[in-house]
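Undergrad: A single structure is presented below for examination.
The values are calculated or read from the model by the stated rules, or taken from the named source; none is laboratory data. All values reported here derive from a predicted model rather than from experimental measurement. Quick reminder, even Gly has a Cβ in these numbers, built from the backbone with ideal geometry, and neighbours come from all protein chains shown.
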Ligand code: BES
Ligand code: MN
Ligand code: ZN
């Protein structure tokens, strides 16, 4: 896919097709752009025939419309003008891609982004146009050898009025970099667990670092032992794949600026360990590294944009498998912080690898630390697949993340971290247990992490319900790279 911004000169514009939105009042959407009167009246007369309602999901192709050099016009229904919101707009962009794939076209001129959406401006419209096109045209077919459809790519010209040219170009650049980060996050998630191992994630981090001038460290078992990460190593014990502890540093901000730290859960396969999971849908536990993948995707995006900020990524990565050497229920681990943990369920392993990463983060004197993890099935029960769970020990940070989620349409919903829940983690034999019972399972997981994040402003995103889709559309979503990127950008102004 290629996107270019063009200043309004529609009468001269050439391409295979022009895409326009139509409201259900049959009003055409082209804002202030210079569409000729003959073009507009011709389309209006066709719409009077009633074959296209302008409702969301409706569409119509017109040929050889006068007053314009483009031979085809694709009309896309936008529904009620007053009710057009971000979600409906993105659905219209998706419908456009669906139609374009069935047509014999390569170069596209679009006016769809001129639609007026509540609380949005042209920059937002362009960003979400590009995001939706990239999302709709993503596929993971690398490992198919038959029935592999050839991927259709388009050259898309987004027309804007002259005075919006600069803003639109910046928006397009940002959206394309974001899409590339999201694409990487999706692909890492979708890769099978026999390919996407801790070692593989380490190599990917090195690649990103090389491309964008970042410092990358991939610590091995011995170095992790030296750091005394007893909790992380406990989980890694049951696997033949060596664990890795990955640290990425993008240091393009002022020297005095404290870094934003992103910590991603990188369990490349979660069988549950000795507390083994049931077989049904267990394949989906290849997605248990989506937190790590979202950190790598965000680094790809900030690298492409060459943002002048200091961001550090920390990824503890290993497998959680049953084995003769594996962690057992009842085992007590000593974490890097010195706190001891009684492991009552080896399937609550995410918090065990994250707690040591949170302790490691202290050495960087962070501005904030945000961890991202497919942490609990309970979060999926609480919030479903629409919002990520958000926990924080700092109200300002929580608010900033909420609004970043709102703008990027990658929302998170704040959950309580009250002291009341902490006693569910009491253990008779260690400082704490690694589980807190069925009640409030997502909350007690966050409470566990909070005990290792007392020295800085911290937030936790439980992405168990949002990182991937199940069923026929099974695949990683690339969330919450949009939210994280938006948060980092918001810290720059
Ligand atoms: N990776 C899982 C969480 C998960 C499960 C995410 C299903 C998405 C779908 C995590 O490691 C886990 O197994 N959590 C347990 C915790 C429990 C043992 C306290 C869970 O949620 O069942
Ligand atoms: Mn687990
Ligand atoms: Zn897990």
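Undergrad: Does the range 263-280 hold any residues that are within 11 Å of ligand 1 (Cβ to nearest atom) and buried (at least 24 other Cβ atoms within 10 Å of the Cβ), and which are they?
TA: 265, 267, 270, 271, 273
Undergrad: Here's a follow-up. Restricting the range 452-473 to residues that are away from ligand 1 (no atom under 12 Å from the Cβ) and out of contact with any strand residue (DSSP E or B) (no Cβ under 7 Å at 6 or more places or on another chain), which is farthest from residue 355 (Cα to Cα)?
TA: If we take residues in the range 452-473 being away from ligand 1 (no atom under 12 Å from the Cβ) and out of contact with any strand residue (DSSP E or B) (no Cβ under 7 Å at 6 or more places or on another chain), then 472 is farthest from residue 355 (Cα to Cα).
Undergrad: Applying the selection to the range 133-157, what residues are closer than 17 Å to residue 17 by Cβ and outside any helix (DSSP H, G or I)?
TA: 137, 152, 153, 154, 155, 156, 157
Undergrad: As an exercise: evaluate residue 290 against (1) under 14 Å from residue 478 (Cα atoms); (2) more than 16 Å from ligand 3 (Cβ to nearest atom) and give the number of the one condition it does not meet.
TA: Of the numbered conditions (1) under 14 Å from residue 478 (Cα atoms); (2) more than 16 Å from ligand 3 (Cβ to nearest atom), the odd one out for residue 290 is (2).
Undergrad: Would you please name the residue that is surrounded by the most Cβ atoms within 10 Å (Cβ to Cβ), looking only at residues in the range 113-157 that are over 24 Å from the mean Cα position of the chain (by Cα) and in contact (Cβ under 8 Å) with a residue 24 or more places away in the chain?
TA: 115
Undergrad: I'd like to check something: does the range 213-232 contain any residue that is modelled with pLDDT of 95 or more, assigned to a loop (DSSP other than H, G, I, E, B) and touching a strand residue (DSSP E or B) at 6+ places or on another chain (Cβ under 6 Å)?
TA: yes
Undergrad: Would it be correct to say that residue 349 is more than 16 Å from ligand 3 (Cβ to nearest atom) and not assigned by TED's automatic domain parsing to the domain that holds residue 129?
TA: Taking the combined requirement at face value, the residue does not satisfy it.
Undergrad: Next question. Is there any pair with a first residue in the range 60-72 that is at positive phi and a second that is outside any strand (DSSP E or B) and exposed (fewer than 14 other Cβ atoms within 10 Å of the Cβ) whose Cβ atoms are under 7 Å apart and which are 6 or more apart or on different chains, and what are they?
TA: Every condition considered, the pairs that remain are 67/38.
Undergrad: For the structure I just gave you, tell me whether residue 174 is farther than 29 Å from residue 326 by Cβ and part of a helix (DSSP H, G or I).
TA: Criteria met by residue 174.
Undergrad: Then there is this: Please note which strands (runs of 3 or more DSSP E) are completely contained in the range 243-346 and include at least 3 residues that are within 16 Å of ligand 2 (Cβ to nearest atom) and farther than 18 Å from residue 182 by Cα.
TA: Passing ranges, in order: 266-270, 310-320.
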